[in-house]
1. Beyond 19 Å, what share of the Cα-Cα pairs of segment 216-283 is found? Please give it as a whole percent.
2. With a 1.4 Å probe and every protein chain left in place, work out the accessible area per residue of segment 477-532 in Å², rounded to a whole number.
3. To the nearest 500 deg cm²/dmol, what mean residue ellipticity at 222 nm is calculated for the chain from DSSP H runs of n ≥ 4 alone, each contributing -39,500 (n - 2.57), summed and divided by the residues?
4. Given all pairs of different Cα atoms, what value in angstroms does the Kirkwood hydrodynamic radius of segment 464-553 take?
5. Compute the whole-percent fraction of alpha carbon pairs in segment 254-327 spaced more than 22 Å apart.
6. Equivalent-ellipsoid semi-axes (√(5λ), Cα gyration tensor) for segment 463-614, whole Å, largest first?
7. Can you tell me the convex hull volume per residue for segment 186-303, based on C-alpha atoms, in Å³ to the nearest whole number?
8. Where does segment 553-614 land on the Kirkwood hydrodynamic radius, alpha-carbon pairs, in angstrom?
Amino acid sequence: MRLPLIFFFSLLIGIHVSAQQNNSQINRYNKVVTYSGFRVVEYTELEIQINNAKGLSYADIEIPYSKGNSIKELQAGIYNLSGNKIRMLKKKDIVRANAYSDNSFHSDNMKMSFKLLHNRYPYIIKYSYKTDATDYLYLAWWMPRSSKDVPVKEASLSVEVPQQCAVRIFHQGVGETQEVSLNGKTTYSWTIDDVEFVERQKFGPQSRELQAQVMVMPELFNYGVKGNAASWQSFGEWLSALKANCHNLPESEKERVRQLTKDCNSELEKINTLYKYLQNNTRYVNVALDIGGLLPETAEYVCANRYGDCKALTNYMQALLSELGIASVYTIVHAGQYPFKINTAYPSQQFNHVILCVPQVNDTIWLECTDKTAPFGYLGTFTQNRTVLLVDGENSRLTRTPALNHEEVADSYVSTIHMAADGTLQMETQATLRGRAFDYLKSLNDALPQQDKLDYIEELGIVEHADIAHFSLERAHADSSYINLRLHSKLNNAIEPIGDRSLIKPIRPFYFKLDEPEQRMQELRFSYPFNVSDTLIYNLPRPIKRISGLQGQQLDTDFGYYTKDVQFNEYQLIITRHISIKAGSYPVEEYEGFYEFMQACANAELQKGIVEYF
């Protein structure tokens, strides 16, 4: 589920981000919002300086807008550094198009785009525009700088509301709020110079959480229907009302539901049967029509078209269950590899995805309705361990999705390396993959070319310095939450001859490049555990006399543990390692301990060994 609001799009400042630092800069970024109590008028003004040809991507301007929220009073032109006008934008140079050209999107979100190019540098682009909306969740969600590469010299935000209007304000990194009340109006304003961009550090919070920003939310809002953000309960009531008329199924679909489940012996079996029906008969397409992409398409729409986005497919699954009298709850979540931490003190739209919660007597089933390859009741690293909102009328409330445990993310590898008399190396690898690797690989179906599958495998970094000759991926059954990977590869430079001895180099080392402790400014976050075991079996061509340089290791810390064992017999060297990192958040004060743990692991992992032969 994509955030559709024009206010959220202002985070992107309407320009592409791809050039190097100082090729372009934003000299001024000002936004003025006026709220009457039922209408939001927003005026945006930007001044961009193009310093050289590499900065020309920033002369390609895109301004997003949506149905019922069109752009008005657009002014744009090119100026020299003295402020003298060179030329103004012409109407014929403005292009209006759908915001998404990908066939996987059905959207009425639009974009206005134009280019302001000049052949003498530096030059200035100035543009301004106004939007007028009667559907709104925020009065402003303003992030004055969203790119490391584009300095922002000066930025300001002003929000004017009726004096009696209750608003909630969150701000960080923009200084103190200036508040002025006059003639029945209250104006809140912020001004910031030389806006800092905060880079996310390894295992740190999501970048969006770190930037200077302001959110201004009215307690009473209007988005499709009137709503109240005084509490998460009232916010959930609004979303329930918004989607209240989306559940009806055609009579033919109701009969299909009854036929599919007539021989099921339990409620759990019925839920599983309908989930498989959903997976086998629908596909995911992002749909963002009407109320800005927050209102799901109806269950009838999905029946007719056999596709939908996360909102539509989840709503459809809820309707299927409801036909059998099985209660379920539409649930909004912030999904992704690096989860955004929900600010629970500010009830508002902070989510980007929808899943389904099915309460049972002794358990709760969670269903990911957009994934045709997901096991029944499995959320995976995409949505596990998140704060979510159960959208259930007056019973709406925050809760958390289940967290993947140590065993559910365990990856194990066993590789046998065969060294021929001439020194060539062949490696056979068998791996059982869970957690993130499973989520990444499980959807690689038979229709995908082998080379594309191989590219995905190589992106995981499972095998380095190897030429994969052939591989296979196997799942035990549709509801298994692990995948078996088998690889046969030619290994390059893993063993180096040194006279009558062999130098053993690391294969698949566990280590992370981390900031020095004195450079660390952010907390550590692990939303799920890291748990990998790896056994390397070297079959060598001559009897082993002695091994040097490879040592066993055992580390046990508050962050996790690491073990390494080295054994050899006549022709065989066996190295077994296991690393585990606990899930959790750790304050920056504890970072040094984590750094020392990781450094000790790296020292053990990067050891090279000398094999002496008889």
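1. I get 56 percent for the Cα pairs in segment 216-283 exceeding 19 Å.
2. The answer is 51 Å² per residue.
3. -4500 deg cm²/dmol
4. Every distinct Cα pair counted, the radius reaches 17.9 Å.
5. Roughly 23 percent, rounded to a whole number.
6. 32, 23, 14
7. 211
8. After inverting the pairwise mean of 1/r, the radius is 13.6 Å.
The values are calculated or read from the model by the stated rules, or taken from the named source; none is laboratory data. Fair warning: this is a prediction, and the values are worked out from it, not measured in the lab. Positions of Cβ are backbone-derived with ideal geometry, glycine not excepted, and every protein chain shown enters the neighbour counts. Note: areas computed on protein heavy atoms with side chains; ligands, DNA, RNA excluded. Shrake-Rupley method; radii C 1.70, N 1.55, O 1.52, S 1.80 Å.
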